[in-house]
Amino acid sequence: NVVVYGFTQHHSGVACHLIKPDGVLRNLTAEVINRFTRKGFKLVGLKMVTPSKEHLEKHYADLSSKGFFASLIEYMQSGPVVAMVWEGDNAVKTGRVMLGATHPKDSAPGTLRADFAIDIGRNCFHGSDSVESAKAEIALWFPEGVNSYKHPLEGLIYE
Ligand code: IDP
Ligand code: MG
């Protein structure tokens, strides 16, 4: 934590989340932003992008040997995605909890994937799965960098 303007700033976590093309087309963008904002996370990066095949192959490089890789890349190219960076304590771990399990049938009730998706190949949302992948994903999706600002509600969210 860093003291800025007399307030303690919580910088212990940062995560990259995507609303996948199906999530965007199903008008779930506002729902996702609302959930993460109400939770208390701080939005420090936000944009709609139509990524290239090469960009998506980098994003999912760890899955390149999987049988579903080609269809995953095609799915991710079916429309624009909304890319976000959320900051806050345990942003990666809590973000995954809020997203739910990869397959919506295994997602806990109340998670985004449980509430809004059925099929593993149309699960609407992406979230960084580790602090290291969050760092790599932020560099990939936001090469221009993200925003740094003091959130006025921070003192109500953190002790
Ligand atoms: P994650 O999105 O929960 O991190 P990963 O294992 O990283 O899950 O897989 C990335 C994405 O690839 C999933 O969100 C899903 O869209 C797709 N995917 C994963 N496993 C399968 C599968 O068995 N069939 C079809 N698509 C899959
Ligand atoms: Mg993953």
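One table, with the values for the structure above:
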quantity: Student exercise, the range 15-107 dipole from Lys, Arg, Asp, Glu Cβ charges, in Debye to nearest 20; calculated: 260
quantity: Shape category assigned to the range 116-159 from the gyration tensor of Cα positions, a/c cut at 1.5; calculated: oblate
quantity: Global geometry of the range 67-159, whether rounded, prolate or oblate, following the gyration tensor of its Cα atoms and the 1.5 cut on a/c; calculated: oblate
quantity: Potential lengthening between TYR158 and LYS53 on full extension [0.36 nm per residue; Cα-Cα distance subtracted]; calculated: 33.8 nm
quantity: Per-selection Kirkwood Rh - the range 54-112 (Cα, Å, 1 d.p.); calculated: 13.5
quantity: Along each principal axis, Cα extent of the range 11-82, largest first, Å; calculated: 37, 30, 18
quantity: Positive-pole candidate from PRO104, VAL146, ALA134, dipole of the range 102-159, charges at beta carbon; calculated: PRO104
quantity: Assigned charges on the beta-carbon of Lys, Arg, Asp, Glu; the chain dipole about Cα centre (debye); calculated: 240
quantity: Partner aspartates and glutamates for LYS47 [C-alpha distance under 20 Å; skip if fewer than 8 residues away on the same chain]; calculated: ASP22, GLU31, GLU57, GLU87, GLU137, GLU144
quantity: Calculated P(r) tail over 24 Å for the chain, as whole % of Cα pairs; calculated: 32
quantity: Pairs beyond 30 Å (Cα-Cα), from LYS93/LYS150; LYS53/LYS105; LYS39/LYS66; calculated: LYS39/LYS66
quantity: Mean separation of Cα contacts under 8 Å (6+ apart) over length of the chain, as relative contact order %; calculated: 33
quantity: Heavy atoms of THR94: accessible area, 1.4 Å probe, square angstrom to 10; calculated: 30
quantity: Pair VAL97, SER64: separation of 7 Å Cα→Cβ label points (nm); calculated: 3.5
quantity: Label-to-label distance, nm, for residues given as LYS150 and LYS135 (7 Å Cα→Cβ offset); calculated: 2.8
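The values are calculated or read from the model by the stated rules, or taken from the named source; none is laboratory data. Here the structure is a predicted model, which means the values were calculated and not measured. Neighbour counts are summed over all protein chains in view; Cβ atoms, including those assigned to glycine, are modelled from backbone coordinates with ideal geometry. Only protein heavy atoms, including side chains, enter the accessible area calculation; ligands, DNA and RNA are left aside. Shrake-Rupley method; radii C 1.70, N 1.55, O 1.52, S 1.80 Å.
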